[in-house]
Amino acid sequence: TLLTSSMASEEEAAPTAADSSTIFDKIINKDIPANVVYEDNKAEERHCEILGSLLYTAKLVAKQEGLEDGFRVVINDGPAGCQSVNHIHVHLLGGRQMNWPYG
């Protein structure tokens with residue numbers, strides 16, 4: 001599901017996220033308005049396994065690197081997305097306060 005929603009600040013919301021339902025829970029439950037731009041359930045199991053493995057490994061590496069306070073995972077795709085290696089991989093960003101919007 002890809003969506004957009006207005007929110008005061010991701011940075012302001014981050015410290016309390018673990019203590020409450022997420023913004024995504026609220027959007028899914030229709031508790032807050034959102035402009036859902038795409039939604040389906042067509043992901044193949046093999047895709048879920050690959051992406052799940054990449055994200056889980058990113059979490060393990062983040063812990064190994066001492067990023068318990070938080071991190072960001074990025075996947076670049078295509079020339080405009082600055083993809084320079086033509087296979088799927090993730091970038092793990094951390095060690096500082098992330099800002100929003102990114103890029």
Original post:
Once the other residues with Cβ under 15 Å from the Cβ of residue 91 are scored (Lys, Arg +1; Asp, Glu -1), what is the net sum?
Top reply: +1
**OP:** Please give every one of the lysines within straight-line cross-link reach of residue 26, meaning a C-alpha to C-alpha distance under 27 Å, and leave out same-chain neighbours fewer than 8 residues apart.
**Re:** 42, 59
Subject >> Alpha-carbon centroids, the range 18-48 and the range 51-78: separation in whole Å >> reply: 20 Å
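Every read-out reported here was derived from the displayed coordinates using simple, explicitly stated rules and does not represent laboratory data. This structure is a prediction, so every number in the text was calculated from the model and none was measured. Positions of Cβ are generated from backbone atoms using ideal geometry, with glycine treated the same way; all protein chains shown enter the neighbour counts.
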